[in-house]
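J.: Pasting a structure here, questions to come.
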Amino acid sequence: MQLREKLEYSTKQELLDQARSFELKKCSRLRKEQLIDRIVTCFCSEEMLRSRLACLTKEQMDLYRKACISPTAVSVNQVMDAIQLNRYWLGYFEEPTDNLCVFDDVADAFRKIDDEAFKKENSRKGWMMKCVCFFINYYGIAPVEVIYEMYKQKIKCSLDEMVSILEGMPMDIIESCIFSMDMIGIQDWPMDSPLYSKNGLLIHIPLLESKEFGYLLRQQAEKDFFVPSEKIIDEICRSGYEVSSLAYQKLESFIRKRFSLNYEQAVSLCLQIWANSYDGNSPTDILNHLSEANISFSSDKILNEFVGLLMNAYNSTRLKENRGHKPDELSKDVFKGGMPTIVPASSNAAAMLREAEPQLHAMGFPVDVNGGADTIQTSFYPNGLNGQAVNMEKKIYPNDPCPCGSGKKYKKCCGKFK
């Protein structure tokens, strides 16, 4: 498959946006076919392809080389890398196998630049990409000196050399730029602040394009930056979460043993728990997910054990608001205003929480079992339909089946009108 075949499915506006990101001029009057030709020619040029491929991490490059030879199956630990290759136009997913493939014309162009000089450049920029990945997800804004603390663990160079490497990477890939403090209006920031930098601040550009920038600064306040080890950077960039964390190792082991899930399923659930915690969502969401997946607990003891492991995992999740620190690495006043109240979204989750409520309270998590429920009037006929009806109140939760019999969840049916 050629790259142009993929682009033919794009609208002209999408192609114009891409041409603009490649800094191609005088494209607006071109017909769609002409526009595709210009984009493909630009993308497959030695300069363009070299600048983009050099930014691949070691794992992405290993996967890319295999896919250049033949369609390659993607394991659970390679999913994120494969998605990035697809996002960068360096690969695509074959149907119906979902194997990763490389466009023929892109693979041909790659073979022409794959020399020792390229491999050296890829080693330096690939590691920088991992540092940028951690920066985007766990800092958002940071002094370049902090980025250098990460980078120099693997690549020995000066701060100026690192900045030069960073500034030479495509903007649409790193999505970040270095600003002096006066450029963003914080030139009077205290010199003893963790955010202060005389060399500039690296900022994730989407933060400046939204209202999140000021909010993030307020949340991060004066917390110090957590500088991860080379191992942690590798793990989080490869797997999406900190696999070596003791809390997550115990959780994965429990999931495989008690839920009878295989390794890939257990890792996927751990990643979901990390993401749920990272996004600030309630642990109840995980209990609701298990309930909807028909995963149940064989005893109250097993339920309580899982809830304890889940809470430990939540406290062991690195957060952007904490500048990469886990909640349990900071003082207990991280949760200003107290722990979030856990509210169930289904009857099954409510039943689980009732059993686990004493343990959750002991850990500082308030529980409101009825907080997410509506009270409805219902009738039943203990002596059959010809007998007298007995009216009663019933609690119904957002993810319960709607009592109207539509087959939809309550929150998507009658619950919408409450």
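J.: Under 24 Å Cα-Cα from residue 257, which lysines qualify once same-chain neighbours fewer than 8 residues away are excluded?
T.: 301
J.: Divide, for the range 1-44, the radius of gyration over alpha carbons by 2.2 N^0.38 Å, where N is the residue count.
T.: That works out to 1.00 for the range 1-44.
J.: Also, quick follow-up: Can you compute the charge dipole magnitude of the chain about its Cα centre, using +1 on each Lys and Arg Cβ and -1 on each Asp and Glu Cβ, nothing else charged? Give it in debye, rounded to the nearest 20.
T.: 680 debye
J.: Treat each spin label as a single point 7 Å out from the Cα along the C-beta direction, and report the residue 188 to residue 158 distance in nm.
T.: Each label point is offset 7 Å from its Cα along the Cβ direction, giving 3.5 nm.
J.: Residue 376 versus residue 120, label points 7 Å from Cα toward the beta carbon: distance in nm?
T.: Each label point lies 7 Å from its Cα, and together they span 7.0 nm.
J.: Let me ask another. Can you tell me what percent of all Cα-Cα pairs in the range 1-140 are more than 26 Å apart?
T.: Across the range 1-140, Cα pairs with separations above 26 Å total 28 percent.
J.: How high is the relative contact order of the range 183-322? Use alpha-carbon pairs under 8 Å, at least six apart in sequence, and give a whole percent. Show your work: numbers first, answer last.
T.: Numbers: 79 pairs, mean separation 36.1, N = 140.
Relative contact order for the range 183-322 comes out at 26 percent.
J.: Within the range 64-83, name every residue whose backbone N is under 17 Å away from a label modeled 7 Å from Cα of residue 5 along the Cβ vector.
T.: Taking a point 7 Å out along Cα→Cβ of residue 5, the residues of the range 64-83 whose backbone N falls under 17 Å are 67-72.
J.: Give the calculated FRET efficiency between residue 249 and residue 29 to the nearest 0.05, with a Förster radius of 56 Å applied to their Cβ-Cβ distance.
T.: With R0 = 56 Å, the Cβ-Cβ based efficiency is 0.45.
J.: Take the Cα of residue 408, step 7 Å along the line toward its Cβ, and report every residue of the range 275-309 whose backbone nitrogen sits under 18 Å from that point.
T.: none
J.: Nearest 20 debye, what's the magnitude of the dipole of the range 1-44 about its Cα centre given +1 on Lys and Arg Cβ and -1 on Asp and Glu Cβ?
T.: 240 debye
J.: Normalised radius of gyration for the chain, please: alpha carbon Rg relative to 2.2 N^0.38 Å, two decimal places.
T.: Values: Rg = 26.0 Å, N = 418, 2.2 N^0.38 = 21.8 Å.
Against the compact-globule rule of thumb, the ratio is 1.19.
J.: Follow-up. For the range 118-232, with only Lys/Arg (+1) and Asp/Glu (-1) charged at the beta-carbon, what is the dipole magnitude about the Cα centre, in debye rounded to 20?
T.: It works out to roughly 600 debye.
J.: Now for a separate question. Farthest toward the dipole's positive end in the chain, which of 157, 53, 255, given Cβ charges of +1 (Lys, Arg) and -1 (Asp, Glu) about the Cα centre?
T.: Projecting each Cα onto the dipole axis, the largest value belongs to 255.
J.: Counting pairs on different chains as well as pairs 8 or more places apart, how many Lys pairs in the range 111-248 have Cα atoms under 17 Å apart?
T.: 18
J.: Residue 45 to residue 199: extension gain in nm, 0.36 nm per residue of separation minus the Cα-Cα distance?
T.: Additional length available on full extension: 52.1 nm.
J.: Once the piece of chain linking residue 260 and residue 217 is laid out straight, how much longer is it, given 0.36 nm per residue of separation minus the C-alpha distance between them? Walk me through the numbers before you get to the answer.
T.: Details: separation 43, 0.36 × 43 = 15.48 nm, distance 4.28 nm.
Length gained between residue 260 and residue 217: 11.2 nm.
J.: So what is the relative contact order of the range 243-317, in percent, for Cα pairs below 8 Å that sit 6 or more residues apart?
T.: 44 percent
J.: Further question on the same structure: What does the charge count around residue 169 come to, taking other residues whose C-beta lies under 14 Å from its C-beta (Lys +1, Arg +1, Asp -1, Glu -1)? Numbers along the way, then the final one.
T.: Numbers: positive: 50, 52, 124, 125, 130; negative: 47, 121, 161, 167, 172, 175.
Net of charged neighbours comes to -1.
J.: Could you tell me which of 398, 367, 24 has its Cα farthest along the dipole of the chain towards the positive end, charges placed at Cβ (Lys, Arg +1; Asp, Glu -1), taken about the Cα centre?
T.: Of the listed residues, the answer is 398.
J.: So for the pair residue 231, residue 281, with labels modelled 7 Å out along Cα→Cβ, what separation do we get in nm?
T.: 3.0 nm
J.: Here's a follow-up. Tell me, what is the percent relative contact order of the chain, built from C-alpha pairs under 8 Å that lie six or more residues apart?
T.: Relative contact order of the chain: 11 percent.
Each value in this text was obtained by applying a stated rule to the coordinates, not by laboratory testing. Just so you know, these numbers come straight off a predicted model, no measurement behind them. Glycine gets a Cβ as well: all are built from the backbone with ideal geometry, and neighbour counts include every protein chain shown.
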